[in-house]
Amino acid sequence: MSLIKIIEIMAILVGAFSGFIEARRKRMDLVGVFTVAFITAFGGGTMRDLLLDKRPLFWVTHQEYAILIFFLALMAAPLIRTLRQVVSERMIVIADAIGLGLFSIAGVASALDAHMPIFIASMMGVITGIFGGVLRDIVCNEVPMVFRDGKPYAICAFIGSWMFLLLKKYGASPDFALWSSAMAITVMRLASWALDLRIMR
Amino acid sequence: MSLIKIIEIMAILVGAFSGFIEARRKRMDLVGVFTVAFITAFGGGTMRDLLLDKRPLFWVTHQEYAILIFFLALMAAPLIRTLRQVVSERMIVIADAIGLGLFSIAGVASALDAHMPIFIASMMGVITGIFGGVLRDIVCNEVPMVFRDGKPYAICAFIGSWMFLLLKKYGASPDFALWSSAMAITVMRLASWALDLRIMR
Amino acid sequence: MSLIKIIEIMAILVGAFSGFIEARRKRMDLVGVFTVAFITAFGGGTMRDLLLDKRPLFWVTHQEYAILIFFLALMAAPLIRTLRQVVSERMIVIADAIGLGLFSIAGVASALDAHMPIFIASMMGVITGIFGGVLRDIVCNEVPMVFRDGKPYAICAFIGSWMFLLLKKYGASPDFALWSSAMAITVMRLASWALDLRIMR
């Protein structure tokens, strides 16, 4: 299995896991736990593909991810308990930061593929990176966390998306542009987390 | 008028009626009452068709349903009062269970038509059956009922959708697969309601 | 710059500004302020185009509007303070009423272009006119204002949309139909605001 496949699965699992936690906190049943986890993991990419009119959707052609989340949801309660003992908060933040970088840049690249203008492409990157969590919070009847906690999260995705766009414009190799920008998002996110930075209100 | 047409109209009316009740409970005005009823009745199928990229949408080619809900919304207040005297809770639950069965199986069939993989097709069945109510609750600023009350509703749609998929796979006639699975969902739903079953949390 | 372009920009700015105010009231950060303003300004047209399957979306081909909202969001806090001193509530209501008329009729015309039946076309007009605000309120975790305040807003859009449809049916010139209906919506909205009318509940 390639490295990118492993990171992709990790990022989806982190999304699903954050959905599990939020759904359980809202005392949802099995149906809610599965749906919220699914929306958190795939909501960003799905929103982007609806706006760009791309089909088939990622999770449609890769039904193994939906099946995986289904079986994890069946054992969400013991899973959360176990993971809380085994997995530290630091590991979750790291995996989520890797996912944010990867998904955001994949979103920009996909928007460029669809011939979107450059600012819209950067927005699609951010949407892909953050809208899973936004939809999770809307379904859970909360004001989306990413809109109100003042922590640099969408901002990291935005800056990294522009880094990718500029690298491509000035002739960097596609691979270098992709990996360095995704990594920049992850590093910015982790640094701002470690330093507990806030953006202005 | 064919039997299936009558059942279809009944199911849509039940959806609209549940929207009326929820919108009135939230003290919405005429605009809210119509919109919430419309979303409850057609939200599930619309969500499925957006995800599958099918057009035109059902309610677009059958504008008579939108018009019907419009005129019912105009008299929602007296209508709810009258129906509460004439229609028992049992009748609403039965009509809703018939609608759940019919819409879910129609959703699976439509997903198979669009060459979706099998697990995704079963998800599309459940989405068609339940997302009207989910969107209704989101618009009404509630955590969706179907995600938190622990009653078998989505689960019935899920099991029935798989029954349909397996019957088709093992060579049952399309008509038999469709009707027996839809009926199985209705029966499961009514039985779990009569027995007041809960699914695990 | 043509008159219609100026009105269009004004209407989008009014939408964005109402998003700014709501997002600030909810104590959102920069990311929330931009997103909510964007959703309020473009949510109605985007929802219509998703339902009609029209692409590219308006704000995709006109990225200058997204960029404008981005820079306004950067200075939303001082902007709101300044505008509150310079701009009276009356001016906001007038600009918003012009936007409602224009966007609603643009929505009906776009639905007719896509060969929608007549009642659905009138619904698309209303959706284009009001769904920006509906989505803004959902993201801000409120029951949508337009569904519950009992003031004629969607109703004005609905009546004006039918006026447009009837004028076209009975042979009025396209330009006359468009401008007189849009103006009728604006006048109805302003009159009902001045008279503080309520629709029945």
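Listed by Cβ neighbour count within 10 Å, with the fewest neighbours leading, A:L72, C:L166 appear as C:L166, A:L72. Ordered by the count of other Cβ atoms within 10 Å of each Cβ, fewest first, A:Y153, B:Y170, B:Y65 give B:Y170, B:Y65, A:Y153.
Looking at chain A as a GNM with Cα springs under 10 Å, which of A:T61, A:T46, A:T128 has the largest mean-square fluctuation? In this elastic network of chain A, the residue with the biggest mean-square fluctuation among A:T61, A:T46, A:T128 is A:T61. In percent, rounded to a whole number, the relative contact order of chain C is 24, using alpha-carbon pairs under 8 Å and six or more apart.
Residue by residue through C:114-121, how many Cβ atoms from other chains fall within 10 Å of the Cβ on average? Please list the in-between numbers first.
On the way: counts 3, 2, 4, 8, 2, 7, 9, 2.
The shielding value for this peptide is 5.
Label-point spacing for B:D113 across the identical copies (point 7 Å from Cα in the Cβ direction), in nm and ascending order: 2.8, 2.8. Each peptide in C:189-198, C:91-100 was scored by the mean count of other Cβ atoms within 10 Å over its residues; highest first, the order is C:91-100, C:189-198.
3J(HN,Hα) couplings calculated from phi for the stretch B:35-47 with the Karplus curve 6.51 cos²θ - 1.76 cosθ + 1.60 (θ = phi - 60°) are, in sequence order, 5, 5, 4, 4, 4, 5, 6, 10, x, x, x, 5, 4 Hz; Gly and Pro show x.
Please compute, for peptide B:58-71, the average count of beta-carbon atoms on other protein chains lying within 10 Å of each residue's beta-carbon. All intermediate terms of the calculation are to be shown ahead of the outcome.
Values: counts 0, 3, 12, 3, 2, 8, 2, 1, 5, 5, 0, 0, 4, 0.
Mean inter-chain Cβ contacts per residue within 10 Å come to 3.
Note on chain C: with a GNM built from Cα contacts shorter than 10 Å, the maximum mean-square fluctuation among C:A41, C:A106, C:A66 falls on C:A66. With each label modelled as a point 7 angstrom along the Cα→C-beta vector, the A:M10-A:D196 pair spans 2.7 nm. Counting only DSSP H runs of at least 4 residues, each contributing -39500 (n - 2.57), and dividing by the residue count of chain A, the helix-based mean residue ellipticity at 222 nm comes to -26500 deg cm²/dmol.
A:W179 to A:N141: extension gain in nm, 0.36 nm per residue of separation minus the Cα-Cα distance? Write down the numbers at each step before the final one.
Numbers: separation 38, 0.36 × 38 = 13.68 nm, distance 3.56 nm.
Residue separation times 0.36 nm, minus the Cα-Cα distance, leaves 10.1 nm.
Each label point was placed 7 Å from the Cα along the Cα-to-Cβ direction; for A:S88 and B:D149 their separation is 4.5 nm.
Shape verdict for the protein assembly as shown, please, from the Cα gyration tensor: rounded (a/c under 1.5), prolate (a/b greater than b/c) or oblate. Don't jump to the answer; show the numbers that get you there.
Working: a/c = 1.58, a/b = 1.00, b/c = 1.58.
Judged from the Cα gyration tensor, the protein assembly as shown comes out oblate (a/c at least 1.5, b/c at or above a/b).
Distances between copies at B:S173, taken between label points 7 Å from Cα along the C-beta direction, are 6.3, 6.3 nm in increasing order. The angle separating the long axis of helix A:76-86 from the principal Cα axis of greatest extent in chain A is about 70 degrees. Applying a threshold of 28 Å to the alpha-carbon distances of B:K151/C:K54; C:K26/C:K151; A:K54/C:K168; C:K54/C:K151; A:K5/A:K168; A:K54/B:K26 flags B:K151/C:K54; A:K54/C:K168; C:K54/C:K151; A:K54/B:K26 as lying beyond it.
Using the Cβ of A:G44 as centre and a radius below 13 Å, the other residues enclosed give a net charge of -1, where K and R count +1 and D and E count -1.
Residues considered: A:L52, A:L13, A:L135. Largest GNM mean-square fluctuation over chain A, using C-alpha springs under 10 Å, is found at A:L52.
Every read-out reported here was derived from the displayed coordinates using simple, explicitly stated rules and does not represent laboratory data. Being a predicted model, the structure only gives us computed values, none of them experimental. Using ideal geometry, Cβ is built from the backbone for each residue, glycine included, and neighbour counts are taken over all protein chains shown.
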